[in-house]
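As structure tokens, the structure follows; a few thoughts come after it.
The values are calculated or read from the model by the stated rules, or taken from the named source; none is laboratory data. A quick note: this is a predicted structure, and the numbers were derived from the prediction, not measured. For neighbour counting, all protein chains shown are included, and Cβ atoms are generated from backbone atoms with ideal geometry for every residue, glycine included. SASA here: full protein model, heavy atoms, side chains in, ligands and nucleic acids out. Shrake-Rupley method; radii C 1.70, N 1.55, O 1.52, S 1.80 Å.
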Amino acid sequence: MLAIDVKDLRKQFKVQKNREGLSGALKDLFKREYNEVTAVKDISFQIPQGEICGYIGENGAGKSTTIKMLTGILVPTAGHIKVNGYVPYKDREQFVGGIGVVFGQRSQLWWDIGVIESFQLLRKVYRVSEADFRKRLDNLVERLQLGDLLNRPVRKLSLGQRMRCELVASLLHNPSILFLDEPTIGLDIVVKTEIRDFLLEMNREHGTTILLTTHDLQDIEALCSRVIMLDDGRIIYDGGLDDLKSRWSKGREIQFQFAGHTPLAKLQQLTEELAVTWSLENDVTAKMWLPHEVNVSDALSKVVAGTEIRDIKIFETNTDDIVRSIYSSGSAEVSKETSGQ
């Protein structure tokens, strides 16, 4: 069974046009004019149970609008959605028991009461038995190290502490699907790493399906095997993260620091059987550029066998660079041409 099934999904909004000047404002009072904006444009995708999928795009690409339709907050203008076999905006009561949601910039916890009291209220909302609630809460509190925070008001928590509590709140009723909208926004690297490790563990142990939207592409690299990329409401890439890298990466660079002066001609001779390019930085430092089809270990072994090396550094095109390249082109499909494949 699919966790998420989306077909030809569309969402349009009416946005009021504001006319200029005092006379325009008076006209707007009595007769308003609207523009129609299409935020999501006939997208289709399927996510099987147990997958962690990254849903990425620039601001205004349609990510949050899609998440709101998938969670039943918004009703689609057209198209079909099924999440856990339910239509989110129709089967509301049965549907919400199977999903958890974390919006990084909005809280589901009550600001002025203790964290544990918020959890108790959510237990009643989701109709979780006291025994199941206690068992699950104890497990989650231990994993995310929240023991000292339970009696604090939410307003007195740091952002990192609050986000860990938000995760617990979203998982108290043991949902099979977790929607995460910018869950690590504004967090330091230590807290980000803790949250990523926790999510991977939840996915491994419980088979929790996770749909993650984020601007932090390190989240994507750490968690996701698959990426769906949006641009202007349309899907421009849907596939594996490794495939995205191999098709769009400009290759790797390896920097060598040698024990003494090493002529460029010697380096070229050592690697003449490989399609690599050399450049000298100074008498003892050189860089070798490798296209993706060249195996790194093959190239390294040839250089190591014929020279004395003090240090090696490997530089690879990161996901940020790849995504920027795709957005500047408007489509991930052109990668076949630009990469020469």
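Sparsely packed loop sites in the stretch 43-110 (the trypsin sites (Lys or Arg not before Pro) outside DSSP H, G, I, E and B with at most 10 other Cβ atoms within 10 Å) comprise ARG106. Our note on the geometry: Cα centres of the stretch 96-134 and the stretch 232-272, 47 Å apart. Measuring between alpha carbons in the structure, the pairs from LYS68/LYS90; LYS27/LYS63; LYS17/LYS82; LYS7/LYS90; LYS11/LYS82; LYS68/LYS245 lying more than 23 angstrom apart are LYS27/LYS63; LYS17/LYS82; LYS68/LYS245.
Between beta-carbons, use under 12 Å as the cut-off and find the net charge around LYS302, counting Lys and Arg +1, Asp and Glu -1. Once positives and negatives cancel, what remains is -2. Rounded to the nearest whole Hz, the Karplus-based 3J(HN,Hα) values (6.51 cos²θ - 1.76 cosθ + 1.60, θ = phi - 60°) of the stretch 8-20 follow the sequence 6, 7, 9, 9, 10, 10, 9, 10, 5, 8, 9, 7, 7, with x at glycine and proline. For the stretch 37-143, the solvent-accessible area works out to 49 Å² per residue, with a probe of 1.4 Å and every protein chain left in place.
The stretch between ASN59 and TYR126, if pulled fully straight at 0.36 nm per residue, gains 20.9 nm over its current Cα-Cα span. Note on the stretch 220-307: with charges restricted to the Cβ of Lys and Arg (+1) and Asp and Glu (-1), its dipole about the Cα centre is near 100 debye.
Here the Karplus relation 6.51 cos²θ - 1.76 cosθ + 1.60, evaluated at θ = phi - 60°, turns the backbone of the stretch 82-98 into coupling constants of 9, 10, 6, x, 10, 8, x, 7, 9, 9, 4, 5, 6, 5, 5, x, x Hz, with x for every Gly and Pro. Pick from VAL75, VAL87, VAL294: which residue has the top mean-square fluctuation in a GNM of the chain where Cα pairs under 10 Å get a spring? Per the Cα network of the chain with a 10 Å cutoff, VAL294 tops the list. Just the protein heavy atoms count here, and of the accessible area of the chain at 1.4 Å, carbon and sulfur take up 47 percent. Across the stretch 27-119, the relative contact order, built from alpha-carbon pairs under 8 Å that are at least six residues apart, equals 16 percent. In terms of accessible area, using a 1.4 Å probe and ignoring ligands and nucleic acids, HIS215, HIS173, HIS292 rank largest first as HIS215, HIS292, HIS173. Ranked from largest to smallest solvent-accessible area, with a 1.4 Å probe on the protein heavy atoms, PHE103, PHE13 come out as PHE13, PHE103. Find the accessible area per residue for the stretch 188-316; the probe is 1.4 Å, ligands and nucleic acids are left out, and the unit is Å². In whole numbers, the stretch 188-316 has 50 Å² accessible per residue. Under the criterion of Cα pairs below 8 Å and six or more residues apart, the relative contact order for the chain equals 18 percent. Figure note: ARG127, ARG226 ranked by solvent-accessible area, largest first, 1.4 Å probe, ligands and nucleic acids not counted: ARG127, ARG226. Could you work out which residue, out of ILE220, ILE254, ILE210, moves most in a Gaussian network model of the chain, that is, has the largest mean-square fluctuation with Cα springs under 10 Å? In the Gaussian network model the winner is ILE254. Ellipticity at 222 nm from helices only: DSSP H runs of n ≥ 4 in the chain, each -39500 (n - 2.57), divided by the residue count, give -11000 deg cm²/dmol. Among beta bridges from DSSP that stay inside the chain, the antiparallel ones total about 70%. Here GLU253 sits with roughly 70 square angstrom of accessible surface, probe radius 1.4 Å. Computed extension length for PHE45-ILE116: 21.8 nm, one decimal, from 0.36 nm per residue of separation with the Cα-Cα distance subtracted. Considering only VAL125, LEU144, PHE103, whose Cα is most displaced toward the positive end of the charge dipole of the stretch 60-166, charges sitting on Cβ of Lys, Arg (+1) and Asp, Glu (-1)? Towards the positive end, the residue furthest out is PHE103. Computed on the stretch 112-198, with alpha-carbon pairs under 8 angstrom and 6+ residues apart, the relative contact order is 37 percent.
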